[in-house]
Amino acid sequence: MKKTIWTLLLAGTFAASACKESPSLSDSAIIPLPQEINNASGSFNLTPETGIKVVGAGVNLTEIGEYLAEKLRPATSFDVPVSNEAGQIVLELADGDASEAYEIRISEEEVKITSSGEAGLFYGVQTFLQLLPREIAHASAQSVDWAVPAGTIKDKPTFGYRGSMLDVARHFMPVEDVKYYIDQMAVYKLNYLHLHLTDDQGWRIEIKSWPKLTEIGGSTEVGGGEGGYYTQEEYKEIVAYAAEQFITIVPEVDMPGHTNAVLASYGELNPGVNLPDGDLTTVTKAPLEYEMQLKVPQASELYTGIEVGWSTFNTDFELTYAFVDSVVREISEITPGPYFHIGGDESHVTEKDDYVYFVERVQDIVSKYGKTSIGWDEVATAKLLPGNVAQFWAKEENAKLAKDQGNQILISPAKKAYLDMQYDSTSRIGLHWAAYIELDSAYIWEPTEYTSGITKENILGVEAPLWTETVANRVDLDYLVFPRLTAIAEVAWTKKERRSWESYSRRVSAHGKRWDIQGVGFYRSPKVNW
Ligand code: TNX
């Protein structure tokens, strides 16, 4: 009897340790979960001799190889040379349409990542990095057995637009913080960063033809801090940094509401002050000459509170459109991506007809400069140009209006995808006007079923915005963004049939350990066994 117990115990221990030594590929904690994973026996081990071989004719192939090498070098302390000649980690750009799909084949001898697009190779690299022991996240040498389980992964995104937004207007974010965010987005295969560059509280991008926008409009932020702005050179630096990680910047100039920072910078654009006797109706439809005859206009005051919906451009001033034209032109010239976001949300003090007229004119300006407009869902109350996009955040009927016009919808439901919502009533920062969003709630939803009548073919993709009324620095950002950003990334990438909370919550706990290593101050959701 005794002997049997010992045998059982020993066998159990042996099985447990055997299991620990060779976890299978499908047990790995990859986020977003790949569409297909097949296990094989054995493992690939990174050694001091391991190199990276790049194969194919892509212009950025060596950079992708170097990106991987730079992620591997600090913790392994291996050289990891990158070349066209030799290496056990092969990055192969195959013929075919540039694609985000990739395959990884891992044997004991070799890791081969293949894609017909550079973006796909980059995503293969991200997946491979997540297969390594978590110690790879350290910035200094670790002594670890750098083993990766053998098998194959075939993967591709469900949605082509997988985004996040940073509101750098309510609280300004220095370039370094934006780059940090880009680095994190890349890990989770997000490919669009929407920058909310202007709002009532601040104007954050240099416009050479209207210099007071940043001089005055950029001089403060929510709470009265000193604010800030990006010079055009800095903006270009962000664009280029993002592009290296296959992320496209989408600039937003929010209008006709959310424009107090403009009205505080240029009194001549301010309808509130141009009014004879404060009567708006007498100046509507005023011709340009009449506007110019008005008394020296006064700018509004800078604003550092967090109310919304109280400011507006005068949609009848020709000067307003001359202004919008210069802004769209200057920003478009330094934005290689296809989209220009025109805002359009919460224009509560703009007459409905004026709003529609304004949105239609601004769409024309954006199109003149070669860009496609995206606007918050209210823009669908206007006639959208073909190809333009409505970003659903609040009103289903607006999403429906966009669909009925044959336009696509970017899905950002405030109740699910808003990273600025509190997790629960005890969250130290965040708002809760839309919902409390615990991690499971951010994960458990499906974009193609969320809005009635809006199906896969109507959807451009998914975006998770971080509004920053309560976010003053990177510590605040980490707390609201992590882990929820990874939940939204998986919702956008992995098909519905593959997703489950049980699997995700196990995998996200492994990411928590990496965040701890990197000093990312994430929210330890009680729903996860960290
Ligand atoms: C609504 S969402 C807004 C923003 C606020 C946000 C706060 C949207 C298009 N407009 O102006 O920052 O709520 O959660």
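Some observations on this one:
- Derived scalar couplings ³J(HN,Hα) [the stretch 313-319; Karplus, 6.51 cos²θ - 1.76 cosθ + 1.60; whole Hz; x for Gly, Pro]: 6, 8, 6, 9, 6, 5, 4
- Total charge dipole magnitude, the chain, about the Cα centre, Cβ charges on Lys, Arg, Asp, Glu only, Debye to nearest 20: 2140 debye
- Exposure rank, largest accessible area first [Thr315, Thr426, Thr372; 1.4 Å]: Thr426, Thr372, Thr315
- Here the Karplus relation 6.51 cos²θ - 1.76 cosθ + 1.60, evaluated at θ = phi - 60°, turns the backbone of the stretch 389-404 into coupling constants of 10, 9, 9, 6, 10, 9, 9, 4, 5, 6, 4, 5, 4, 5, 4, 5 Hz, with x for every Gly and Pro.
- For the listed residue pairs Lys395/Lys415; Lys112/Lys496; Lys383/Lys403; Lys154/Lys496; Lys154/Lys403; Lys208/Lys236, the alpha carbons are over 21 angstrom apart in Lys112/Lys496; Lys154/Lys403.
- Debye, to nearest 20: dipole size of the stretch 20-75, +1 on Lys, Arg Cβ, -1 on Asp, Glu Cβ: 60 debye
- Cα gyration tensor category, rounded, prolate or oblate, for the chain with a/c compared to 1.5: prolate
- Backbone amide hydrogens, once placed in the peptide plane, bring Met421 within less than 5 Å of Leu431, excluding anything fewer than 5 places away on its chain.
- Once backbone amide H atoms are built at 1.01 Å from N, Phe340 has Thr372, Ser373, Ile374 as its partners under 5 Å, excluding neighbours fewer than 5 places away on the same chain.
- Zone residues, the stretch 328-351, relative to Gln232, backbone N less than 14 Å from point 7 Å out along Cα-to-Cβ: 328-336
- The local environment of Gln88, defined by Cβ-Cβ distances under 14 Å, has a net charge of -4 under the rule Lys, Arg +1 and Asp, Glu -1.
- Taking amide hydrogens as placed 1.01 Å from N in the peptide plane, the amide H of Val82 sits under 5 Å from those of Ile52, each at least 5 positions away in sequence or on another chain.
- Within the stretch 22-155, antiparallel bridges make up roughly 60 percent of the DSSP beta bridges whose residues both belong there.
- Phi-based couplings in Hz for the stretch 104-117 (Karplus 6.51, -1.76, 1.60; Gly and Pro marked x): 10, 10, 10, 10, 5, 8, 8, 10, 10, 10, 10, 7, 8, x
- Here the gap between Ser26 and Val55, fully extended at 0.36 nm per residue and compared with their Cα-Cα distance, gives a gain of 7.7 nm.
- Sites listed here are GluC sites (Glu not before Pro) in the stretch 46-96 whose DSSP assignment is loop and whose Cβ has at most 14 other Cβ atoms within 10 Å: Glu49, Glu85.
- Qualifying aspartates and glutamates (Cα of each under 15 Å from Cα of Lys513; at least 8 residues distant if same chain): Glu135, Asp478
- Sorting Asp404, Asp177 on solvent-accessible area from highest to lowest, probe radius 1.4 Å, gives Asp404, Asp177.
- Structure-based [θ]222 nm, the chain - -39500 (n - 2.57) summed over DSSP H runs of at least 4, per residue, nearest 500: -10500 deg cm²/dmol
- Compared with the dominant Cα axis of the chain, that is its longest principal axis, helix 232-244 is turned about 30°.
- Since only Ala414, Ile459, Ile437 are under comparison, the one whose Cα sits farthest along the positive direction of the charge dipole of the stretch 387-510, derived from C-beta charges on Lys, Arg, Asp and Glu, is Ile459.
- Per residue, the chain exposes 41 Å² of solvent-accessible protein surface, assessed with a 1.4 angstrom probe and all protein chains in place.
- Cross-linked pairs Lys71/Lys371; Lys352/Lys495; Lys189/Lys527: Cα-Cα separations exceed 31 Å for Lys71/Lys371; Lys352/Lys495.
- Counting only protein heavy atoms and a probe of 1.4 Å, the accessible surface of the stretch 22-155 is 45% carbon and sulfur.
- Among the trypsin sites (Lys or Arg not before Pro) in the stretch 186-220, those placed in a DSSP loop whose Cβ has at most 15 other Cβ atoms within 10 Å are Lys208.
The values are calculated or read from the model by the stated rules, or taken from the named source; none is laboratory data. Please read these numbers as outputs of a predicted model, since none were measured by experiment. So basically every Cβ, Gly included, is an ideal-geometry build from the backbone, and we count neighbours across all protein chains shown. Note: areas computed on protein heavy atoms with side chains; ligands, DNA, RNA excluded. Shrake-Rupley method; radii C 1.70, N 1.55, O 1.52, S 1.80 Å.
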